[in-house]
Amino acid sequence: MKPAFLNVLKKIGASVAPLQNLVLISLAAWFTHILLRVLLLFRSNPYGFPFVSKPDWFIFHAVCIDFLWIVNALLVFLILGGIVIRIASNNATGTRVKTVAKVTTILYAAFHCFILFFTLLDNETQRFLGGHLTFGLVDTYKDASSIIVFYDYVANDLSVPYLQFVVLVLMFPLTYGVYRLLRKWYRPTDGFYVKKSVIAMLIFYIASYSFVYFIWTGNARMTKLRPVVSLIYNDLFVAKKAVGLTDADLGTYRTAYQNLWQKIEGDSDWQFSDAKEGNGLPLYREPSAELLNSEKLKAQREMQPNFILVLMESQRGRNTGYMNPQIQPSPTPFMDSLAAHSHAWMRMHTSGVPTTGGVLSTHIGVPHHSRLAQATDLAHVTLPSFVSVLTENGYSTHYMSAADPAWDNLGVWMSKWYTAQHYNREREDDSTFIDNAIEYVRDTLSKEGKPFLATLMTRSNHYPFNFAAGMTDEQKNRPLQERINVTMNYADRQIARFFHAVENEEWYKNTYVIIMADHGFPLGENGVSTMNGGGFSNVSWIPFFIHGKGLDAVRDTTTAAQIDIAPTILELAGFAVPNIFMGHNLLRGGSASSPTEADSVPEPLAGLSLGAYSGYAAIGLDGYRFIAKYPAQDETHIFADSDLRQENELTGKLQNEEGRLSATLDTLLKISDYSLEKGL
């Protein structure tokens, strides 16, 4: 038995002996991967904050994880190549064996070049967005204009500008140089399968596996360090084949969601329906006959009001003057003055990040998908918006953007809902963008003889917060936390120019002005400095107010989110149609509002804020805001809803509340994800 076993080993060794160079390629590639990991973990992110606060807690795991997948890949190529060589050695000359070995070696080297390239891209995606590179993300940003934006990001990298390009140019020659050194040092003389290097690799493989999976585990660390090969496998075989809800689960979640929605809405004007046209969707609801025939809606429809919706890029609630009177001077004097004469919601949160999440949530009344890159992955799904309702009812609807809507695939969605889109790459600064918007709205749109919606999406207040025209070198060199005030002020001045140019027009008297942000931006608060780093108020808390006929000047403390905006706008337009909005009409009877005087702050009405933020999610309900890494919820935070700057964390002190909010958050997001994927 023993001689036979050794004979088998010798045959295997003989088959793979011509492939010894694959071992050297593996070691050379591993060396380069270690350098890439060091450049990722021990540098700051582009915003000037450490990528990880404890890189020493990550680097050894990174080295081991890369070694494990590289050896696994090596074994696959050795086995396949060995089989082909074995066949060739039985049926051909030694020349054919050498050819097979050479082709296998070339393919293996090409495989590692491919993985190294995408590893660098994945590292930079993590540094800029806080999340991994995925097929959905690549498809979303495949437009050529994204290359220009990427260059701007690299040029303004607060770690080492342009280092990414240097690494890209040097990493392949470096890998080849290491490979050549290894070939010089490694001169086998007594058979492939007994070499000390192979034995050492086997020992290190076992040690690495034990260290990563048994000795010092950690789901969050493993997720952050996930290699590109795992990302590709997940996208191909796991992410797109996630198991849906069973009928029993769907029934349970539907009931829980609908009961909560009715409790918050506080009236019986809407009924959830399993009607055929709704196809049993858990979000599908229909207006009652009383609501359809109400005098209030009829009066609003007869008004045929116009709407101007301004979506301010990265406009942080933390830096908006009327929401933070302690900030002097205010970065947003125009917004402050208009908010003083408007219905302003002081506890409004975005329902998705980045811009695609906030903009889509605002339009469709459903939080961003918790798992998919919604703008691209669900572009084929029919999801009506408040804009499509207005368009279908005779409104002229126009989406005007200073940034290219095609860059992140928003253009596909806007083309479904709006009459027309307006973008010109020569008008990407807010000043030139606003000049064009003034001219078009005042001289063309308002003279079409029909009510209109003009949605304006600004751009200049965007990372790295130096896009504002006319910024001085001194302003551009300020820390990010100060520089954002400069660009917010610039955007505020441009919006002021727009409204000063149209406020004396006759049609303006019959126009509702809605000003809000798509999302905020994390600048180190709560330990978060990347866009996809959590659902804290630095990114989720945003300004939102409505100015127009019949609206009193109030400061509303109802908990709210972008999912509420769609039903609220349709209320003002006088339309009640079947829909799948998860949000609530914020102007429903009674309100949690107060005069603008600071000495009168009533208790808020029941409200709900809900959002999904690329690996995190948050809910505001019953006086608390709960944030969790989602779906695992192995990292959670809870604050009082009134603690808008989230300076007093209550995590661990309210276990019953945390458990209840955790379960509610999970229920609502499962329902919303299901509904987004199913559509209407």
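Figures for the structure shown
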{"item": "Matching residues, the stretch 323-366, being outside any helix (DSSP H, G or I) and among the aromatic types (Phe, Trp, Tyr)", "result": "345"}
{"item": "Residues of the stretch 548-562 classified as in contact with a Phe, Trp or Tyr (Cβ under 7 Å, 6 or more places away or on another chain) and closer than 26 Å to residue 624 by Cα, total", "result": "3"}
{"item": "So residue 130, is it at pLDDT below 80, out of contact with any Asp or Glu (no Cβ under 8 Å at 6 or more places or on another chain) and closer than 30 Å to residue 378 by Cα", "result": "yes"}
{"item": "Residue among 283, 311 that alone is among the aliphatic types (A, V, I, L, M), in contact with a helix residue (DSSP H, G or I) (Cβ under 7 Å, 6 or more places away or on another chain) and more than 30 Å from residue 449 (Cβ to Cβ)", "result": "283"}
{"item": "Close pairs from the stretch 343-355: first farther than 10 Å from residue 542 by Cβ and touching a residue at least 12 places away in the same chain (Cβ under 8 Å), partner in a loop (DSSP other than H, G, I, E, B) and of a type in the set (Asp, Glu), Cβ under 6 Å, at least 6 apart", "result": "355/518"}
{"item": "Options 528, 513, 502; residue that is among the hydrophobic types (A, V, I, L, M, F, W, C), at pLDDT below 95 and in the same structural domain as residue 389 (by TED's automatic domain parsing)", "result": "528"}
{"item": "Single residue of 397, 391 found to be in contact with a Leu (Cβ under 6 Å, 6 or more places away or on another chain), outside any loop (DSSP other than H, G, I, E, B), of a type in the set (Val, Ile, Thr) and at pLDDT 95 or above", "result": "397"}
{"item": "Scan of the stretch 245-274 for residues that are among the charged types (D, E, K, R) and more than 20 Å from residue 677 (Cβ to Cβ), ordered by number", "result": "263, 265, 267, 269"}
{"item": "Tally, over the stretch 426-452, of residues that are more than 20 Å from residue 471 (Cβ to Cβ) and either aromatic (Phe, Trp, Tyr) or under 24 Å from the mean Cα position of the chain (by Cα) (or both)", "result": "2"}
{"item": "Residues satisfying the stated conditions in the stretch 453-470, i.e. over 20 Å from the mean Cα position of the chain (by Cα) and under 19 Å from residue 424 (Cβ atoms)", "result": "454, 455, 456, 467, 468, 469"}
{"item": "Search result, residues across the stretch 426-476 that are part of a loop (DSSP other than H, G, I, E, B), β-branched (Val, Ile, Thr) and farther than 30 Å from residue 301 by Cβ", "result": "458, 472"}
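The values are calculated or read from the model by the stated rules, or taken from the named source; none is laboratory data. Keep in mind it's a predicted model, so treat the numbers as computed, not measured. As a convention, Cβ positions derive from the backbone with ideal geometry for all residues, glycine included, and neighbour counts pool all protein chains shown.
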